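Take a look at the structure set out below.
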Amino acid sequence: MVKVSLKWGAISGAVMTTLLLVSYFFFPENDPAYFSSAETYGYLSMVASLAVIYLALGDTSLYADGDAPTLWQKILVGTAVSVVAGVIFGFYNLIYTSYMNPEFMDVYYSYYISQLPVQSGPEFERMVAELEAQKAVFMAPLTQFSVMAATVVMIGIPVSVILAFVHNLRSKE
């Protein structure tokens, strides 16, 4: 089951990375007008690429030693696929923000500040100071990697549960 998880996790990570690289054609890199659409596209890409978990579950059935994998084993395989895909996405994000588009974080935070409900006064200054502190933490490569990988895993867990149930129902037919 480890081989299946690694294989399909790598495939899922490759699909995710490819879909996100394709987004360059749809959303100009540092144009705040597209940040919301690009974020939605990114989450949809994650979910779409994690759909390969279903194929991994079919592959798991082929490797089972005569016994069909249990629902929990299927959920674990799906979660493991998500972890591998998350690690790949975490590395992709580090490469993106460090080499491909190093200005992204500054542009994104400026955009985020422009979206604050209050745009002047002490409340605004406090909010900006909090965001600047968060930016410093989030810009750290380990934090950035961890947050982006965890995002994929947190999406992958419910996807794994749903697909494991669907796979279980379909395999009983």
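The values are calculated or read from the model by the stated rules, or taken from the named source; none is laboratory data. Quantities reported herein were computed from a predicted structural model and do not represent experimental measurements. Methodologically, a virtual Cβ is constructed for each residue, glycine included, from the backbone with ideal geometry; neighbour enumeration extends over all protein chains shown.
Of note:
- Being in contact with a Gly (Cβ under 6 Å, 6 or more places away or on another chain), at pLDDT 85 or above and assigned to a helix (DSSP H, G or I) is a description that does not apply to residue 146.
- Any hit, segment 90-107, residues being β-branched (Val, Ile, Thr), farther than 30 Å from residue 5 by Cα and outside any helix (DSSP H, G or I): no
- The residue that is farthest from residue 112 (Cα to Cα), among those in segment 1-44 that are in a helix (DSSP H, G or I) and of a type in the set (S, T, N, Q), is 5.
- Segment 9-26: number of residues that are under 18 Å from the mean Cα position of the chain (by Cα), surrounded by fewer than 17 Cβ atoms within 10 Å (Cβ to Cβ) and either modelled with pLDDT under 80 or not aliphatic (A, V, I, L, M) (or both): 3
- Number of residues in segment 93-110 that are within 29 Å of residue 55 (Cβ to Cβ) and crowded, with 18+ Cβ neighbours inside 10 Å equals 2.
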